[in-house]
Amino acid sequence: MGGEGVSSAREVIENYLDGKKSNLDTSDAAHPAEATGTQDVVDRLIEKWRAARPDLDPSPLEVVGRVLVLAQHLERNVEVALEKHKLALGQFDILATLRRQGKKGGLTPTQLLESVVLSSGGMTARLDALAEAGYIARKSNPADRRMVVIELTSKGRRAIDNATRTRFNEAKDSLPALDETEMAALTGLLRRWLAQVAG
C-alpha cells in the first residue's frame, strides 16, 4: 500500500483512539519495538500519543491499531485480486453467500442480508448490478409467491467459482510468515476475540 493508504490507516487509528479514550495511567514499561530497534506505523503513533497525552494509556492500540491497519491492507489485496473478475468485494460477498447454499443458492433478500459476511449496506443496488450482469436471478418463492428468492445463474456460478479460487489463493499469500504452532495460536486467539465481538 502506498503513502496515501498508510496516511489513511493512521487517520483510522487516531479516530479510534479519540472515540475510545482510556482512563488508565500511562505505563513506563519497556516496549519490545524499542528493544529490537524496529518500529511500525502503530509504534510511531503510540509514541506520539504518549508525548501528546501522557494522561492517557494508548497501549490498547498495540493490538487494536494493528488489526485496523492490517484490515486495510488485506481488504485492498482482495479488491486488487478480484479486479480481473470484474467483481467488487461486496458483490463477491453476495455471490459467495449464495454459492455456499448450493449450486443455485436460493435465499430471500432478508436471508441474504442476515448471511453476508461483510457489510449489508447498499444490498439492493448490489443485487441490481449482479442481476444486470446476468449473475443472479430473482424468482418467486415456491412456498410463497409474494416473496422473492435470489438464485445464482449458470454464469454467476461460473463467475463465483473462478473468483473463489482467486480469493483463496490471495488469502494464502496474505498469511504472515509463521510456523505451524504460531499460526495455530494466532488463529485460536483471533477466534476467541471474534466470538466476544460478533458471536
Out of all the residues in region 82-95, which are open to solvent by less than 20 Å² (accessible area, probe 1.4 Å), at pLDDT 95 or above and over 15 Å from Gly134 (Cα atoms)? Leu82
Could you please let me know if Ala29 is surrounded by 11 or more Cβ atoms within 10 Å (Cβ to Cβ), farther than 23 Å from Leu194 by Cβ and at pLDDT below 95? no
Considering only residues of region 124-172 that are hydrophobic (A, V, I, L, M, F, W, C) and assigned to a strand (DSSP E or B), which is surrounded by the most Cβ atoms within 10 Å (Cβ to Cβ)? Ile136
Out of Glu79, Glu47, Glu75, which single residue is closer than 26 Å to Asp161 by Cβ and open to solvent by 80 Å² or more (accessible area, probe 1.4 Å)? Glu75
Flag for Met183 being of a type in the set (A, V, I, L, M), over 15 Å from Gln91 (Cβ atoms) and assigned to a helix (DSSP H, G or I): yes
I'm checking my understanding of the structure. Among residues of region 38-82 that are part of a loop (DSSP other than H, G, I, E, B) and more than 21 Å from Ser174 (Cα to Cα), which one is nearest to the chain's Cα centre (by Cα)? Pro58
Looking at region 54-72 only, could you name the residues that are under 28 Å from Gln91 (Cα atoms) and open to solvent by 70 Å² or more (accessible area, probe 1.4 Å)? Leu70
Regarding Leu113, is this residue open to solvent by 40 Å² or more (accessible area, probe 1.4 Å), hydrophobic (A, V, I, L, M, F, W, C) and under 21 Å from the mean Cα position of the chain (by Cα)? yes
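The values are calculated or read from the model by the stated rules, or taken from the named source; none is laboratory data. Given the structure is predicted, the values throughout are model-derived calculations rather than measurements. Methodologically, a virtual Cβ is constructed for each residue, glycine included, from the backbone with ideal geometry; neighbour enumeration extends over all protein chains shown. These area figures cover heavy atoms from the full protein model, side chains too; ligands, DNA and RNA do not enter into them. Shrake-Rupley method; radii C 1.70, N 1.55, O 1.52, S 1.80 Å.
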